[in-house]
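Taking it in order: structure first as structure tokens, then the write-up.
The values are calculated or read from the model by the stated rules, or taken from the named source; none is laboratory data. A quick note: this is a predicted structure, and the numbers were derived from the prediction, not measured. Every residue, glycine as well, gets a Cβ built from its backbone with ideal geometry; the counts of neighbours run over all protein chains shown. Side chains included, ligands, DNA and RNA excluded: accessible areas come from the protein's heavy atoms. Shrake-Rupley method; radii C 1.70, N 1.55, O 1.52, S 1.80 Å.
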Amino acid sequence: MTEAENKTRAELSKWREGWVKRLNGELSRAMKNPMEGEPPEVGNLLSAMNHTIEGGGKRLRALLVLAAAEAVGGQEDWALPGALAVEMIHAYSLIHDDLPALDNDDLRRGRPTCHLVYGEAVAILAGDALQSLAFETLASADLAKLADGPERLTKALFILAKAIGPLGMVGGQAMDLAFEGQSPSLTQIMTMESKKTGFLMGSCLALGAALGGAKEGTVKAFEESGRLAGLAFQISDDQLNVTGDPKLMGKNVGTDAKKDKASVTTLISQKDATEKVSFLLNQALDGLKPFGSPKLEWLIGSIFGRSS
Ligand code: FPP
Ligand code: MG
């Protein structure tokens with residue numbers, strides 16, 4: 001690596017570190033008392049929400065929102081409510097995904113899963129509450145200074161709602177369930193994985209672009225690249241479920257095989273899966289090339305060969 005490349009990489013890492021710190025602070029603040037003026041704790045609902053939100057995570061989705069806004073000439077601060085919202089949605093999806101009725105996992109972000117600590121009923125409610133808090137947070141974005149602020153916000157709300165609904169993340173999760181005990185084809189698995197993981201990542205880029213002031217065509221291009229990157233992310237997750245280190249990942253590995261669950265790696269070799277990941281990431285990067293964003297390129301590139 002040249003000296004200039006090293007410098008760029010160090011700057012990007014610094015940007016990420018700074019934002020992860022700020023995002024964690026903002027998320028904690030948003031969790032403190034989402035019901036302003038109301039008693040701060042209802043049973044232990046807020047503690048259960050906090051358990052997963054404050055458990056950390058890479059904050060990749062939030063960083064993608066911020067980088068996308070900047071890539072289209074907007075300010076990262078305009079997109080911050082969107083970045084917080086996608087992390088809340090992500091946390092809700094992790095809590096529900098780990099429930100006994102779904103994947104029945106006991107480890108997440110290096111901690112016991114939410115339902116193990118707070119019980120199933122509270123974990124279900126914590127996921128529900130994080131989902132509504134996400135929309136409340138995004139809808140409260142202060143874009144009043146911008147002439148088209150309300151329009152950008154409506155677009156962002158629509159993008160997020162659509163991505164996580166029956167045609168997106170929840171639909172993908174329903175396919176995941178329906179495939180249990182079946183032998184889906186590679187195409188079917190990739191469609192399911194694109195929906196359950198790729199659509200949320202697509203919405204990160206799209207709503208970042210929308211909040212940053214991009215035109216419809218750009219928002220769509222960002223969404224498509226995000227979906228491709230998200231599919232690559234899920235395929236690498238399937239790989240890590242076989243080869244990963246649970247300590248680095250903060251979650252159990254070998255769970256797909258234990259549940260006899262079809263994933264990309266049950267149908268193709270690790271080597272072919274790595275090629276697929278690389279192909280999809282290159283497609284995602286190609287779509288973003290016209291916008292010349294080192295941050296987006298670096299974040300998306302980091303999916304290749306990831307270990308956590
Ligand atoms: C790990 O993200 C998460 C995934 C690979 C996504 C899996 C898909 C779901 C959980 C969808 C479930 C949907 C419903 C409706 C229950 P990560 O490695 O970025 O985690 P981190 O934020 O902890 O780093
Ligand atoms: Mg799952």
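Observations on the model:
- Lys251 within 16 Å of ligand 1 (Cβ to nearest atom) and either modelled with pLDDT under 95 or in contact with a strand residue (DSSP E or B) (Cβ under 7 Å, 6 or more places away or on another chain) (or both): yes
- Residue selected from region 179-228 under the condition in a loop (DSSP other than H, G, I, E, B) and open to solvent by 40 Å² or more (accessible area, probe 1.4 Å), by the criterion farthest from ligand 1 (Cβ to nearest atom): Lys215
- Top-ranked residue in region 229-266 [being within 18 Å of the chain's Cα centre (by Cα) and charged (D, E, K, R); ranked as least open to solvent (accessible area, probe 1.4 Å)]: Asp238
- Residue ID - farthest from the chain's Cα centre (by Cα), chosen from residues in region 1-28 that are in a helix (DSSP H, G or I) and of a type in the set (Val, Ile, Thr): Thr8
- A Cβ distance below 7 Å, combined with a sequence gap of six or more or placement on separate chains, defines the contacts here; from region 268-283, residues that are crowded, with 16+ Cβ neighbours inside 10 Å reach residues that are among the hydroxyl-bearing types (Ser, Thr, Tyr) and assigned to a helix (DSSP H, G or I) in the pairs Ala273/Thr265; Val277/Ser236.
- Going through (1) touching a Lys or Arg at 6+ places or on another chain (Cβ under 9 Å); (2) outside any helix (DSSP H, G or I); (3) surrounded by 14 or more Cβ atoms within 10 Å (Cβ to Cβ) one by one, Leu167 falls short only on (3).
- Residue that is farthest from Ser194 (Cα to Cα) [pool: residues in region 244-285 that are assigned to a loop (DSSP other than H, G, I, E, B) and among the hydrophobic types (A, V, I, L, M, F, W, C)]: Val253
- So Leu288, is it under 25 Å from Ala10 (Cα atoms), buried (at least 18 other Cβ atoms within 10 Å of the Cβ) and away from ligand 1 (no atom under 15 Å from the Cβ): yes
- Residue check, Lys295 open to solvent by less than 60 Å² (accessible area, probe 1.4 Å) and among the charged types (D, E, K, R): yes
- Condition check for Leu64: without any contact (Cβ under 8 Å) to a residue 60 or more places away in the chain, within 16 Å of ligand 1 (Cβ to nearest atom), under 23 Å from Gly202 (Cα atoms) and not small (Gly, Ala, Ser): no
- In region 45-61, the residues that are of a type in the set (Gly, Ala, Ser) reach residues that are open to solvent by less than 20 Å² (accessible area, probe 1.4 Å) and more than 16 Å from ligand 2 (Cβ to nearest atom) with C-beta atoms within less than 6 angstrom, at least six apart or across chains, in these pairs: Ala48/Ala126.
- The criterion of at least 3 residues that are closer than 21 Å to Ala161 by Cβ and open to solvent by 60 Å² or more (accessible area, probe 1.4 Å) is met, among helices (runs of 4 or more DSSP H) falling completely within region 38-149, by 120-139.
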